[in-house]
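Colleague: Below: one structure in structure tokens.
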2 protein chains.
Amino acid sequence: MSDTLVSPAQEPGASAVDVRTAVLDVARAAKEASRALATATRAQKDAALHAMADALVAGAARIVEANADDLERGRAAGMKTSLLDRLALDAARIGAIADALRELAALPDPVGEVVRGSTLPNGLRLRQVRVPMGVVGMIYEARPNVTVDAAGLALKSGNAVILRGGSAAASSNALIVEILGDALAAQGLPRELVQSIDAHGRAGAVELMRARGLVDVLVPRGGADLIQTVVRESLVPVIETGVGNCHVYVDAGADVAQALPIVLNSKTQRTGVCNAAETLLVHRDVAGEFLPAVLEALRAKDVTIHGDDATAAAAPAGVRFEPATEADWETEYLSLDLAVKVVDSLDEALAHIRRYSSGHTEVICTRDLAAARRFTTELDAAALIVNASSRFTDGGQFGLGAEIGISTQKLHARGPMGLGELTTTTWIVEGDGQIRE
Amino acid sequence: MSDTLVSPAQEPGASAVDVRTAVLDVARAAKEASRALATATRAQKDAALHAMADALVAGAARIVEANADDLERGRAAGMKTSLLDRLALDAARIGAIADALRELAALPDPVGEVVRGSTLPNGLRLRQVRVPMGVVGMIYEARPNVTVDAAGLALKSGNAVILRGGSAAASSNALIVEILGDALAAQGLPRELVQSIDAHGRAGAVELMRARGLVDVLVPRGGADLIQTVVRESLVPVIETGVGNCHVYVDAGADVAQALPIVLNSKTQRTGVCNAAETLLVHRDVAGEFLPAVLEALRAKDVTIHGDDATAAAAPAGVRFEPATEADWETEYLSLDLAVKVVDSLDEALAHIRRYSSGHTEVICTRDLAAARRFTTELDAAALIVNASSRFTDGGQFGLGAEIGISTQKLHARGPMGLGELTTTTWIVEGDGQIRE
């Protein structure tokens with residue numbers, strides 16, 4: 001389980017009942033505040049986003065100071081350098097975070113969009129309209145930029161947000177929430193639109209997950225353990241994001257010159273992300289030509305290969321190679337590691353992917369129309385890509401604007417989620433006295 | 001909690017591990033079968049629906065015989081007449097159930113619908129396409145028609161279904177599932193597309209709720225207790241259906257002659273349904289004119305009034321009247337009972353509805369544009385209706401075709417759900433070697 005949810009940040013002496021009451025009070029205040037926002041105009045929301053951005057920049061020195069406390073605690077606790085780096089804020093990073101809020105202001109407002117509508121035979125005017133969810137809960141790890149990001153996304157989509165960040169960023173997050181609240185209040189909006197329950201530790205997170213009816217949706221952001229814990233424990237509906245055990249399959253009909261950069265880009269353009277490739281499957285008919293070339297190119301990028309026997313046989317000297325075990329087919333490395341297997345047929349590739357896919361992104365490289373059609377209709381994933389890098393599964397790349405995350409579940413949202421996915425719909429029906437016969 | 005989930009139908013001696021293994025085997029077989037269906041054409045699916053309909057009609061005599069066993073057990077157990085009636089099947093009812101399958105065949109296929117698409121600046125062709133969920137679980141009470149209905153809806157939307165019906169209909173359901181399976185097999189489709197886990201009793205239902213990853217969505221159909229139990233216990237994503245504590249508000253600006261039939265129709269056109277009105281709110285300015293007339297009309301329909309003092313004062317002689325308590329504002333009567341309250345303002349009406357609404361359907365009767373606008377933008381429900389009966393919140397009435405249920409949750413589906421709500425989407429991306437810079 002993630003450090004976020006096990007860390008006993010709860011103050012000593014606070015009883016479970018106290019925490020429950022406190023979190024439910026926060027949730028009720030959020031629900032109340034969300035009503036004010038539901039009828040706010042886009043202009044009011046965009047003005048608030050700009051005010052929030054300006055306030056963060058104005059408060060940068062104080063934020064850096066609070067962040068220094070977090071960093072000091074992190075260093076004292078032996079936190080890894082990579083995590084310390086994700087936690088660290090300076091004026092430039094705060095400027096970038098503020099700019100992201102301004103970019104949100106420039107995006108269209110999803111609220112009020114008419115999804116469909118018609119006039120019924122009896123004259124009733126029917127329309128299905130996007131409305132805010134109400135209260136969005138976010139549970140995430142030690143990245144203070146997510147605090148601002150989540151607040152901005154929720155605000156633009158008309159929702160109040162309740163934040164539960166990692167205890168490692170507690171000082172930074174507390175000050176950021178205070179600054180954002182002041183900015184909202186100055187705009188005439190309730191500061192309860194952005195609240196944190198960090199003070200209530202893990203017990204608070206558990207109460208948030210139980211606040212069904214007050215919290216409309218929970219979005220966990222972070223590692224697989226964090227996400228699975230929330231999925232398992234929450235009574236509030238959850239949007240599951242992120243785990244990507246993505247495959248690239250190089251078919252017998254592949255253009256191998258085109259496939260090579262696709263494999264390299266999918267694996268190495270960025271490694272710590274859910275849409276990076278973790279397994280390469282190569283059809284036996286092209287393995288002799290393709291494998292030595294791709295393994296050499298991967299070696300030049302410092303990739304360690306976890307391969308089957310056929311891959312071992314094809315590996316040029318100097319390739320860092322380990323025999324693949326069952327665990328390799330299952331693992332989302334998020335590092336410069338790649339599992340590689342030679343398959344005898346498209347069917348074997350499809351069967352392998354069906355067994356090990358996390359339902360995120362699967363890629364085929366082929367010139368064969370029938371193979372492409374089978375790959376895109378017989379597999380079950382958020383994105384199925386033909387002849388392009390797995391790294392394109394991304395809200396920005398898809399042109400959806402700001403991305404809340406990449407959903408790997410089937411309900412409500414699948415794949416990259418934009419602002420629209422933080423809304424629901426209402427049917428509005430207008431009549432002139434119609435009754436049912 | 002509902003009788004369906006508490007009845008100890010599990011056979012003595014069957015261990016929890018055995019039930020778990022059996023239900024997971026059913027779920028795996030369903031997942032496997034769903035693959036065959038995912039790529040079936042609409043013509044194949046429609047042919048299967050017609051074959052299922054024909055097989056039910058051909059097997060009507062056997063079904064009536066099996067149903068007689070259920071009815072006998074029900075009578076012996078002292079089942080209420082109304083429940084026995086819902087359980088009973090005869091040739092005419094079986095014919096109607098079969099016709100519903102034929103009507104499903106006539107509806108458009110949601111699978112393959114392109115929801116949106118574009119060509120990205122880098123030349124990638126992007127489209128979001130509807131695909132089946134995979135495996136749908138249905139947990140419902142003692143109505144054998146739901147067995148067929150659920151099987152048909154799942155098949156048309158390309159999904160395998162796992163059924164858990166009430167033990168009261170066990171004999172009818174077992175035979176119906178067998179007949180549907182034979183019909184599917186004769187059409188060259190796997191009989192595992194329609195499976196029942198009734199033999200595993202409550203323990204089986206619990207395992208179904210835990211089969212996350214194998215079962216893609218659970219739809220409970222039945223009373224509020226059944227639905228809440230599933231929502232609370234399920235690890236599989238749930239679509240919550242049905243509870244409707246619906247209000248009709250007669251505004252100061254109402255056309256009272258138009259409002260009267262709307263109130264009557266909302267309350268009495270059918271009482272045991274989720275879109276029937278349960279509370280009437282009347283603005284004080286029109287109460288003197290409207291209340292005596294509407295109470296007299298409701299009396300003529302045998303409606304019992306649970307009212308506040310102002311309502312009592314306005315009630316004509318002969319009206320069956322009980323003073324309203326807090327419980328009356330909260331209750332979904334599903335009977336010839338109506339809670340009635342006089343309010344001083346639109347704000348008071350909105351506050352009352354916000355407090356007691358189950359988020360299903362809310363109605364305003366008014367000629368005042370501003371009041372209508374506030375009602376439809378400040379309330380939070382699946383359907384908000386101006387000057388028409390609450391009974392219109394219905395998939396058939398909305399022109400959506402067959403209805404799976406009426407969702408009162410905000411995630412994935414809200415309001416009447418058609419076949420499209422049993423699907424998810426996949427992003428299909430076609431390129432020519434594009435990689436990310």
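The values are calculated or read from the model by the stated rules, or taken from the named source; none is laboratory data. All values reported here derive from a predicted model rather than from experimental measurement. Note: ideal-geometry Cβ built from the backbone for every residue, glycine included; neighbour counts use all protein chains shown. Surface accessibility is based on the protein's heavy atoms, side chains included, excluding ligands, DNA and RNA. Shrake-Rupley method; radii C 1.70, N 1.55, O 1.52, S 1.80 Å.
Colleague: From A:VAL146, A:VAL161, A:VAL194, A:VAL135, grab the single residue that is within 19 Å of A:GLY405 (Cβ to Cβ), modelled with pLDDT under 95 and of a type in the set (Val, Ile, Thr).
Modeller: A:VAL146
Colleague: For region B:188-257, please list each of the strands (runs of 3 or more DSSP E) lying entirely inside it that holds at least 1 residues being more than 12 Å from every other protein chain (Cβ to nearest Cβ) and closer than 25 Å to B:MET52 by Cβ. Don't jump to the end; show me each part of the working.
Modeller: Values: elements: B:194-196, B:217-221, B:246-250.
Where strands (runs of 3 or more DSSP E) fall fully within region B:188-257 and carry at least 1 residues being more than 12 Å from every other protein chain (Cβ to nearest Cβ) and closer than 25 Å to B:MET52 by Cβ, they are B:194-196, B:217-221.
Colleague: For B:ALA100, which of the numbered conditions (1) outside any helix (DSSP H, G or I); (2) surrounded by fewer than 23 Cβ atoms within 10 Å (Cβ to Cβ) fails to hold?
Modeller: For B:ALA100, the failing item is (1).
Colleague: Sticking with this one: Scanning region A:268-309 for residues that are open to solvent by 40 Å² or more (accessible area, probe 1.4 Å) and touching a residue at least 40 places away in the same chain (Cβ under 8 Å), which turns out nearest to A:ALA371 (Cα to Cα)? Steps first, please.
Modeller: Here is the first cut: in region A:268-309, the residues open to solvent by 40 Å² or more (accessible area, probe 1.4 Å) are A:269-270, A:272, A:284-285, A:288-289, A:292-293, A:296, A:299-302, A:309.
Narrowing the set further to residues that are touching a residue at least 40 places away in the same chain (Cβ under 8 Å) leaves A:269-270, A:272, A:284.
On the way: A:GLN269: 26, A:ARG270: 28, A:GLY272: 30, A:ARG284: 15 Å.
Restricting to residues being open to solvent by 40 Å² or more (accessible area, probe 1.4 Å) and touching a residue at least 40 places away in the same chain (Cβ under 8 Å), the top hit is A:ARG284.
Colleague: Which residue is modelled with the lowest pLDDT, if the candidates are limited to region A:388-405 and must be open to solvent by 20 Å² or more (accessible area, probe 1.4 Å) and closer than 19 Å to B:ASP432 by Cα?
Modeller: From region A:388-405, those open to solvent by 20 Å² or more (accessible area, probe 1.4 Å) are A:394, A:396-397, A:399-403; that's our starting set.
Applying the additional criterion that residues be closer than 19 Å to B:ASP432 by Cα yields A:394, A:397, A:399.
Working: A:ASP394: 93, A:GLN397: 92, A:GLY399: 86.
Looking at the filtered set, the residue picked out is A:GLY399.
Colleague: Residues to consider are B:GLY152, B:GLY137, B:GLY158; find the one that is in a strand (DSSP E or B) and either at negative phi or crowded, with 24+ Cβ neighbours inside 10 Å (or both).
Modeller: Values: B:GLY152 fails: in a strand (DSSP E or B); B:GLY158 fails: in a strand (DSSP E or B).
The conditions single out B:GLY137.
Colleague: Mind counting the residues in region B:1-31 that are open to solvent by 90 Å² or more (accessible area, probe 1.4 Å) and either at pLDDT 95 or above or not acidic (Asp, Glu) (or both)?
Modeller: 6
Colleague: I would also like to ask the following. Identify, by number, the condition in (1) polar (S, T, N, Q); (2) free of Cβ contacts under 8 Å to residues at least 24 places away in the same chain; (3) part of a loop (DSSP other than H, G, I, E, B) that B:ASN122 doesn't meet.
Modeller: (2)
Colleague: Determine whether B:ILE353 is part of a helix (DSSP H, G or I) and either at pLDDT 95 or above or not assigned by TED's automatic domain parsing to the domain that holds B:ASP216 (or both).
Modeller: Numbers: part of a helix (DSSP H, G or I): yes; either at pLDDT 95 or above or not assigned by TED's automatic domain parsing to the domain that holds B:ASP216 (or both): yes.
So B:ILE353 fits the description; yes.
Colleague: Let me ask you something else. With respect to A:GLU430, is the statement that it is within 10 Å of chain B (Cβ to nearest Cβ), among the acidic types (Asp, Glu), closer than 30 Å to B:ALA257 by Cα and not in a loop (DSSP other than H, G, I, E, B) true?
Modeller: On the way: within 10 Å of chain B (Cβ to nearest Cβ): yes; among the acidic types (Asp, Glu): yes; closer than 30 Å to B:ALA257 by Cα: yes; not in a loop (DSSP other than H, G, I, E, B): yes.
Against the criterion (within 10 Å of chain B (Cβ to nearest Cβ), among the acidic types (Asp, Glu), closer than 30 Å to B:ALA257 by Cα and not in a loop (DSSP other than H, G, I, E, B)), A:GLU430 qualifies.
Colleague: Are any residues in region B:212-257 hydrophobic (A, V, I, L, M, F, W, C) and in contact with a Lys or Arg (Cβ under 6 Å, 6 or more places away or on another chain), and if so, which ones?
Modeller: Kept after step one, since they are hydrophobic (A, V, I, L, M, F, W, C), are these residues of region B:212-257: B:214-215, B:217-219, B:224, B:226-227, B:230-231, B:235-236, B:238-239, B:243, B:246, B:248, B:250, B:252, B:254, B:256-257.
Result: B:LEU214, B:LEU235, B:VAL236.
Colleague: Test A:ARG212 against the stated conditions and say whether it is assigned by TED's automatic domain parsing to the domain that holds A:ARG73 and open to solvent by 10 Å² or more (accessible area, probe 1.4 Å). I'd like the intermediate steps shown before the answer.
Modeller: On the way: assigned by TED's automatic domain parsing to the domain that holds A:ARG73: yes; open to solvent by 10 Å² or more (accessible area, probe 1.4 Å): yes.
Against the criterion (assigned by TED's automatic domain parsing to the domain that holds A:ARG73 and open to solvent by 10 Å² or more (accessible area, probe 1.4 Å)), A:ARG212 qualifies.
Colleague: Please verify whether region A:246-259 includes one or more residues that are closer than 22 Å to A:ALA29 by Cβ and among the polar types (S, T, N, Q).
Modeller: Filtering region A:246-259 down to residues closer than 22 Å to A:ALA29 by Cβ leaves none.
No; the residues of region A:246-259 include none that is closer than 22 Å to A:ALA29 by Cβ and among the polar types (S, T, N, Q).
Colleague: Going by the conditions given, is B:GLU332 in a loop (DSSP other than H, G, I, E, B), open to solvent by 40 Å² or more (accessible area, probe 1.4 Å), more than 8 Å from every other protein chain (Cβ to nearest Cβ) and in contact (Cβ under 8 Å) with a residue 24 or more places away in the chain? Before you say what the answer is, go through the steps one by one.
Modeller: Details: in a loop (DSSP other than H, G, I, E, B): yes; open to solvent by 40 Å² or more (accessible area, probe 1.4 Å): yes; more than 8 Å from every other protein chain (Cβ to nearest Cβ): yes; in contact (Cβ under 8 Å) with a residue 24 or more places away in the chain: yes.
Criteria met by B:GLU332.
Colleague: Another one. All but one of (1) at the interface with another protein chain (Cβ under 7 Å from one of its Cβ atoms); (2) over 24 Å from A:GLY213 (Cα atoms) hold for B:GLY401; which doesn't?
Modeller: Exception for B:GLY401: condition (1).
Colleague: State whether one or more residues within region B:414-425 are more than 10 Å from chain A (Cβ to nearest Cβ), touching a residue at least 40 places away in the same chain (Cβ under 8 Å) and part of a loop (DSSP other than H, G, I, E, B).
Modeller: Yes, region B:414-425 contains at least one residue that is more than 10 Å from chain A (Cβ to nearest Cβ), touching a residue at least 40 places away in the same chain (Cβ under 8 Å) and part of a loop (DSSP other than H, G, I, E, B).
Every residue, every condition in (1) over 21 Å from A:THR408 (Cβ atoms); (2) hydroxyl-bearing (Ser, Thr, Tyr); (3) open to solvent by less than 40 Å² (accessible area, probe 1.4 Å); (4) in the same structural domain as A:ALA168 (by TED's automatic domain parsing), yes or no:
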position: A:LEU189; (1), (2), (3), (4): yes, no, yes, yes
position: A:SER196; (1), (2), (3), (4): yes, yes, no, yes
position: A:HIS200; (1), (2), (3), (4): yes, no, no, yes
position: A:ALA203; (1), (2), (3), (4): yes, no, yes, yes
position: A:VAL206; (1), (2), (3), (4): yes, no, yes, yes
position: A:ALA257; (1), (2), (3), (4): yes, no, no, no
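Colleague: Select from region A:406-427 the residues that are over 18 Å from the mean Cα position of the chain (by Cα) and either at pLDDT below 95 or open to solvent by less than 10 Å² (accessible area, probe 1.4 Å) (or both) and write down the one among them that is nearest to A:GLU240 (Cα to Cα). Before you say what the answer is, go through the steps one by one.
Modeller: The initial filter retains those residues of region A:406-427 that are over 18 Å from the mean Cα position of the chain (by Cα), namely A:424-427.
In the following step, the residues that additionally are either at pLDDT below 95 or open to solvent by less than 10 Å² (accessible area, probe 1.4 Å) (or both) were identified as A:424, A:426-427.
Numbers: A:THR424: 17, A:THR426: 24, A:TRP427: 26 Å.
Out of the qualifying residues, it is A:THR424.
Colleague: I'd like the residue in region A:367-380 that is more than 7 Å from chain B (Cβ to nearest Cβ) and touching a helix residue (DSSP H, G or I) at 6+ places or on another chain (Cβ under 8 Å) and, out of all such residues, is most open to solvent (accessible area, probe 1.4 Å). Working first, answer last.
Modeller: Residues of region A:367-380 that are more than 7 Å from chain B (Cβ to nearest Cβ), as a first pass: A:367-375, A:379.
Right, trim to touching a helix residue (DSSP H, G or I) at 6+ places or on another chain (Cβ under 8 Å) and you get A:371, A:374-375, A:379.
Working: A:ALA371: 7, A:ARG374: 64, A:PHE375: 1, A:LEU379: 16 Å².
Looking at the filtered set, the residue picked out is A:ARG374.
Colleague: Quick one: in region A:80-97, which of the residues that are part of a helix (DSSP H, G or I) and among the charged types (D, E, K, R) is most open to solvent (accessible area, probe 1.4 Å)? So that I can check it myself, show each step before the final result.
Modeller: Just the residues of region A:80-97 that are part of a helix (DSSP H, G or I), to begin with: A:81-87, A:91-97.
Now restrict to residues that are among the charged types (D, E, K, R): A:85-86, A:93.
On the way: A:ASP85: 84, A:ARG86: 111, A:ARG93: 89 Å².
Looking at the filtered set, the residue picked out is A:ARG86.
Colleague: To continue, here is another question. Within region B:111-119, can one find any residue that is assigned by TED's automatic domain parsing to the domain that holds B:ALA38 and open to solvent by less than 10 Å² (accessible area, probe 1.4 Å)?
Modeller: Kept after step one, since they are assigned by TED's automatic domain parsing to the domain that holds B:ALA38, are these residues of region B:111-119: B:111-119.
Now restrict to residues that are open to solvent by less than 10 Å² (accessible area, probe 1.4 Å): none.
Checked against the condition, which is being assigned by TED's automatic domain parsing to the domain that holds B:ALA38 and open to solvent by less than 10 Å² (accessible area, probe 1.4 Å), region B:111-119 yields no hits at all.
Colleague: Shifting gears a bit: Here is a list of conditions, (1) within 28 Å of A:ARG35 (Cβ to Cβ); (2) among the polar types (S, T, N, Q); (3) crowded, with 18+ Cβ neighbours inside 10 Å, and B:THR325 meets all of them except one; can you say which number that is?
Modeller: Only one criterion is unmet by B:THR325, namely (3).
Colleague: Quick one: what pairs do we get from region A:48-68, first residue within 13 Å of A:ALA105 (Cα to Cα), second in a helix (DSSP H, G or I) and open to solvent by 20 Å² or more (accessible area, probe 1.4 Å), C-beta under 9 Å, 6+ apart or different chains?
Modeller: Once the first residue is within 13 Å of A:ALA105 (Cα to Cα) and sits in region A:48-68, its partners that are in a helix (DSSP H, G or I) and open to solvent by 20 Å² or more (accessible area, probe 1.4 Å) give A:LEU49/A:ARG102; A:HIS50/A:ARG102; A:ALA51/A:ALA186; A:ALA53/A:ILE97; A:ALA53/A:ASP99; A:ALA53/A:ALA100; A:ALA53/A:ARG102.
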